[in-house]
Amino acid sequence: MGHDVSADEAIWDDACALDLKHVFHSWQAQADRHPVEVTGGHGAWLQYADGREMLDFTSQQVNVNIGYQHPKVVEGIAKQAALLCTIGPDYANLARGRAASLVVRRAPEGFNKVFFTNAGADANENAIRAARLFTGRDKILSSYRSYHGNTGAAISATGDWRRKPNDYARGHVHFFTPYLYRSEFSATTQNEECERALAHLEHVIQFEGPDTIAAILLESVPGTAGIITPPKDYFKGVREITKKYGILMITDEVMTGFGRTGFWLALDDYGYTPDIISFAKGCNSGYVPAGGVMLSDPIAHYFDGVVFPGGLTYSGHPLAMGAIVAAQEAMEEEHIVDNAYNVGHDILGPKLSALSETHPKIGEVRGKGVFWAVEMVADRASREPLDGATMKQIVAEGAKLGLVLGVHDNRIHVTPPCVITLDEASDGVERLDKALTAAGC
Ligand SMILES: Cc1ncc(COP(=O)(O)O)c(C=O)c1O
């Protein structure tokens, strides 16, 4: 069988032509695409096929925490590839065991087991599965301002627009989490926002019926939804409410985990302990796809005598595990998480905030570590979001200046690799300053 694509010989060396002809892409209509080819990278820099060196303020899907082509991670994968490229999940494997040990040591006391997945969505899928089985309850509560992945339960748990065309899973209820700049609760201070958001959550629980709710699933800093840093005491409040009603707490650290916020896990900055933690991206910076679920002891032990009805052919894939081990070791040895903290504290925080003084279309700057949102508005008084065409223009002006920018709705998400130096971060903000001016902001 098969069919004739011999015409491809003429474009065999042309990545963009092959892409346009044969590759079907995520989250977009397929016709109006203008692909860019990347041929290499190092640290926070990308090499475009046309020869341009671009400073990356995105980390791709906010996952390349360790930067491009980190030699220790490349070597870790190569060594594992030479040893054993693949082995099924049932066998013991040294890279897998070490990866699990290196990951759980970043969680609070009482987490000792990891179920490995291929990515973040299936991490949340299995976190939800474990919570439902452990509690014998069904509903999962999550935020309208969230993204949890693009599979069955994960996309129904998601709050943003991507849920709507994909919403086939049952048992999902949404509520509002704190977002002072666009408060649902008419709050004017973080304290008010925190108190009112917690009261709202408790009402939702009471109206849904506490004994129908298995878990509350929350990102420790909602990422794609706007890098909305929650008030300091919000999660402690959520934890108290969940304990009161016997509800589990699942923390989604897929985007925030392993350095992004200047902490190993973003939850470290909020001082609470959930029951389940999902992770992916930063665990090995996506050098080989991997994710997983960290289970606290009571939940892990529940499955000592009960079959866990979940599994994946590539759970704990040795190449992904080799990449986790090398990435985790390098992050520790090179103090990469401290670097992310310092870049946020010394450069991105003050310098992005200073841009508001000269760019009237900046409504709010918020974030920590290498995880910042610059929220753009048409008008500061009304806070009306800036239009999509101008947001696109900002990205285009950034690209002309050698800066890769990520935009979501009316926000610029400034999320460089955790390894970016202070000077590079400063240089990037200067380029952003110029791009905003060129776009008339
Ligand atoms: C917070 C969060 N959870 C889950 C996911 C899904 O991860 P993946 O795309 O690896 O399935 C993402 C992806 O961006 C995310 O940001």
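The values are calculated or read from the model by the stated rules, or taken from the named source; none is laboratory data. Please read all numbers here as calculations on a predicted model, not as lab measurements. Positions of Cβ are backbone-derived with ideal geometry, glycine not excepted, and every protein chain shown enters the neighbour counts.
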Quick count over region 6-34, residues being surrounded by fewer than 13 Cβ atoms within 10 Å (Cβ to Cβ) and under 29 Å from Asn150 (Cβ atoms), is 14
Neighbours by Cβ (under 7 Å, 6+ apart or cross-chain): first from region 117-143, among the acidic types (Asp, Glu); second more than 16 Å from the ligand (Cβ to nearest atom) and in a helix (DSSP H, G or I): Asp138/Arg132; Asp138/Thr212
Against the condition charged (D, E, K, R) and assigned by TED's automatic domain parsing to the domain that holds Tyr287, how does Arg52 come out, does it pass? no
If you go through Gly209, Gly226, the only one that is within 15 Å of the ligand (Cβ to nearest atom) and either assigned by TED's automatic domain parsing to the domain that holds Met294 or surrounded by fewer than 22 Cβ atoms within 10 Å (Cβ to Cβ) (or both) is Gly226
Picked from region 286-299 (must be within 12 Å of the ligand (Cβ to nearest atom) and small (Gly, Ala, Ser)), the residue farthest from Ser315 (Cα to Cα) is Gly286
In region 138-168, anything more than 11 Å from the ligand (Cβ to nearest atom) and β-branched (Val, Ile, Thr) is listed as Ile140
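Does region 404-414 include one or more residues that are among the hydrophobic types (A, V, I, L, M, F, W, C), within 21 Å of Asp269 (Cα to Cα) and outside the structural domain of Ile228 (by TED's automatic domain parsing)?
The answer is yes; a qualifying residue exists.
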Could you please tell me which pairs satisfy a Cβ distance under 8 Å, a separation of 6+ or placement on different chains, a first residue in region 229-255 that is in the same structural domain as Pro274 (by TED's automatic domain parsing) and more than 23 Å from Phe279 (Cβ to Cβ), and a second residue that is outside any helix (DSSP H, G or I) and not charged (D, E, K, R)? Pro231/Pro178; Ile241/Ile247; Tyr245/Ile213
Considering only residues that are free of Cβ contacts under 8 Å to residues at least 60 places away in the same chain and outside any helix (DSSP H, G or I), look in region 299-333 and name the one that is farthest from Ile250 (Cα to Cα). Gly305
Could you grab me the full set of residues in region 264-288 that are modelled with pLDDT of 95 or more and more than 14 Å from the chain's Cα centre (by Cα)? Asp268, Asp269, Tyr270, Tyr272, Thr273, Pro274, Asp275, Ile276, Tyr287, Val288
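Conditions tested, residue by residue: (1) under 25 Å from Pro318 (Cβ atoms); (2) surrounded by 14 or more Cβ atoms within 10 Å (Cβ to Cβ); (3) charged (D, E, K, R); (4) within 16 Å of the ligand (Cβ to nearest atom).
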{"site": "Gly2", "(1), (2), (3), (4)": "no, no, no, no"}
{"site": "Glu37", "(1), (2), (3), (4)": "no, no, yes, no"}
{"site": "Gly41", "(1), (2), (3), (4)": "yes, yes, no, no"}
{"site": "Met54", "(1), (2), (3), (4)": "no, yes, no, no"}
{"site": "Gln61", "(1), (2), (3), (4)": "yes, yes, no, yes"}
{"site": "Gly67", "(1), (2), (3), (4)": "yes, yes, no, no"}
Against the conditions (1) surrounded by 15 or more Cβ atoms within 10 Å (Cβ to Cβ); (2) out of contact with any strand residue (DSSP E or B) (no Cβ under 7 Å at 6 or more places or on another chain); (3) hydroxyl-bearing (Ser, Thr, Tyr), where does Ser353 fall short? Just the number, please. (2)
Here is a check on your reading of the model: is Leu312 modelled with pLDDT of 95 or more, surrounded by fewer than 24 Cβ atoms within 10 Å (Cβ to Cβ), closer than 19 Å to Leu84 by Cα and touching a strand residue (DSSP E or B) at 6+ places or on another chain (Cβ under 8 Å)? yes
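The rows are residues; the columns are (1) among the aliphatic types (A, V, I, L, M); (2) within 16 Å of the ligand (Cβ to nearest atom).
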{"residue": "Ile250", "(1), (2)": "yes, yes"}
{"residue": "Gly257", "(1), (2)": "no, yes"}
{"residue": "Leu267", "(1), (2)": "yes, yes"}
{"residue": "Tyr270", "(1), (2)": "no, yes"}
{"residue": "Asp275", "(1), (2)": "no, no"}
{"residue": "Tyr314", "(1), (2)": "no, yes"}
Which numbered condition in (1) surrounded by fewer than 23 Cβ atoms within 10 Å (Cβ to Cβ); (2) hydroxyl-bearing (Ser, Thr, Tyr); (3) not in a helix (DSSP H, G or I) is the only one that Ser142 fails? (1)
Could you check how many residues of region 109-142 are within 21 Å of Gly209 (Cβ to Cβ) and either β-branched (Val, Ile, Thr) or under 15 Å from the mean Cα position of the chain (by Cα) (or both)? 3
